[in-house]
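> Take a look at this one; I'll ask things after.
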Amino acid sequence: MTTRSSSPSSPLLSSPSSTPPPISSNARGKLLWTGASSKAKGKRIQYPVDNVDRISMLPDELLQKILSTLSTKDAVKTSTLSKRWVDQWKWRPHLSVGMRNISRTNPTSRLRELSLRVAESMTRTIDNHRGRLESCTISHFLFQCKDGTLDRWVQTVTHEKQTKELTLINYIGCMGPFGGYNRLYLSPSTFSHPSLTSLSLTRYKLTETAFKNCSNLKTLKLFDIMSDVSVLSIVFKACSSLEVLVLQITCLNLGCVLKIENKNLQVLQVTCPTLINKMEVNAPRLEILDIKYIYCDSFLLDAPKIMFNRDYWFGAISVPHISYHISSLAQEKKRIWFELLVSQFFNMKRYGSLSVSVDVRNPNELEILKEVLLLWNEEMKNLEIIFKNNNAPREESESSINGGARNKWLDGEKPFPDAFLRIRTVWMYNFDGSNEEEFALASRFVTQGTVIDKLMIETSTYPPVKQLMTEAKVAKLMELPKGNDYFTIECF
């Protein structure tokens, strides 16, 4: 290559010190010259730029990670970049197709035409995808439910793509007041494919047809669903292996009896604004019961792990309540639970009451308690803490070896609870004054101003000697400096 002159008259250089960087010898690239300003001479300097498409040279694994940050629509658009990108989006583990972009300002007469056009594009996207899917979300209008298009989509993603998590959403809001709830017409046993473990349905009138032998399902979420109680009973029976069940339902049988019996169920969340004469839950493994809203005359619960001592379910219940038997849930179930805790019906913030059973000597359980309380967005009405009677040896962990749960969460640099948590009344059961961690937790509630009205500690059910010892510890709590001068500490 010939060396260019460095004289001031050269249009490429303004001075001998402005030597351009070496030009890439990559034969695949193109060399371009771009300009830059020189503050010293006020003249323009041009440098060579290597126009090699280095992103396309990355391995497939990295390209897939890049595509995973994009929506399905934007990921499909990358197929026009080059031959290298044509098929990359087709291997995405997550697919989301729908009609959310159809403007609601269009007249109803055009919705059918527009939805049919979009449906054709959705069909191409689903058919062109290759490999298996971790998750798939499909949103649609009334037309696709009636003409069998939705059924074909679901059959493809469940039986051919072997989707693990399926979400179906009916955009009934676009149909106006005459659209009505879409009856979920699907082929028999649609949701029974072994690979399908999680199903979420939004805005349908439920039918039992698609739920035949669905023991493969571990998670079922029914949002804004209308159904007869008899249909719900069939669905619950078909899904015998459920571990997570979310119900936001409208029962079409007023004054009915809603029964939920499942030996594997661990998480149950219920919202039902219509009158139910009786609700019965039989779930021996249930660890989390989240009642967001129910309107029932009688609530029968057979779940040994769920403990609470207040009457929360009589008549029209307007204050949500969570009962949580804290344990080391599997990480995946823990993720689902926390998503449910912060997701609110009609975007309402979390409020109401909480009952927890916890072993504060276990650092993992104490950490979960902290996470749950931090997710509370508003002032809590009532907090019940049922301390577990656990005489087992302390759990050996890094935190216990280095000083135990008390040092980390109760006496550390950022102890908890703190003044940002506000609770109207705290009730403590099975409080053991000789347990240092339990006393330390109660002390934090006193000194940080967490309690607004009352800290109530149960002692009346104890044997005489234990009652005297516990009340002596309560007296010590009363001597502590209060973060809030207006609350009281009482035994009951």
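The values are calculated or read from the model by the stated rules, or taken from the named source; none is laboratory data. Only a predicted model underlies this, so the values are computations on that prediction, with no experimental measurement involved. Every residue, glycine as well, gets a Cβ built from its backbone with ideal geometry; the counts of neighbours run over all protein chains shown. The area values use the complete protein model at the heavy-atom level, side chains included, leaving out ligands, DNA and RNA. Shrake-Rupley method; radii C 1.70, N 1.55, O 1.52, S 1.80 Å.
> Does the stretch 340-389 hold any residues that are on the phi > 0 side of the Ramachandran plot and either modelled with pLDDT of 85 or more or open to solvent by 20 Å² or more (accessible area, probe 1.4 Å) (or both), and which are they? So that I can check it myself, show each step before the final result.
We begin by selecting, within the stretch 340-389, every residue on the phi > 0 side of the Ramachandran plot; these are 346-347, 352.
If the condition is that a residue be on the phi > 0 side of the Ramachandran plot and either modelled with pLDDT of 85 or more or open to solvent by 20 Å² or more (accessible area, probe 1.4 Å) (or both), then Phe346, Asn347 are the ones that fit.
> I would also like to ask the following. If you take the residues of the stretch 57-111 that are aromatic (Phe, Trp, Tyr) and closer than 15 Å to Ile126 by Cβ, which of them is modelled with the lowest pLDDT?
So in the stretch 57-111, the residues aromatic (Phe, Trp, Tyr) come out as 85, 89, 91.
Next cut, closer than 15 Å to Ile126 by Cβ only: 89, 91.
Working: Trp89: 73, Trp91: 78.
If we take residues in the stretch 57-111 being aromatic (Phe, Trp, Tyr) and closer than 15 Å to Ile126 by Cβ, then Trp89 is modelled with the lowest pLDDT.
> Taking the condition open to solvent by 60 Å² or more (accessible area, probe 1.4 Å), modelled with pLDDT of 85 or more and either in a loop (DSSP other than H, G, I, E, B) or in contact with a Phe, Trp or Tyr (Cβ under 9 Å, 6 or more places away or on another chain) (or both), does Thr461 pass? Reasoning before the result, please.
Working: open to solvent by 60 Å² or more (accessible area, probe 1.4 Å): yes; modelled with pLDDT of 85 or more: yes; either in a loop (DSSP other than H, G, I, E, B) or in contact with a Phe, Trp or Tyr (Cβ under 9 Å, 6 or more places away or on another chain) (or both): yes.
In short, yes.
> Is it fair to say Ser139 is small (Gly, Ala, Ser), under 16 Å from Gly98 (Cβ atoms) and open to solvent by less than 10 Å² (accessible area, probe 1.4 Å)?
yes
> Sticking with this one: Which of the residues that make up the stretch 431-457 are touching a residue at least 60 places away in the same chain (Cβ under 8 Å) and over 17 Å from Glu365 (Cα atoms)?
If the condition is that a residue be touching a residue at least 60 places away in the same chain (Cβ under 8 Å) and over 17 Å from Glu365 (Cα atoms), then Ile452 is the only one that fits.
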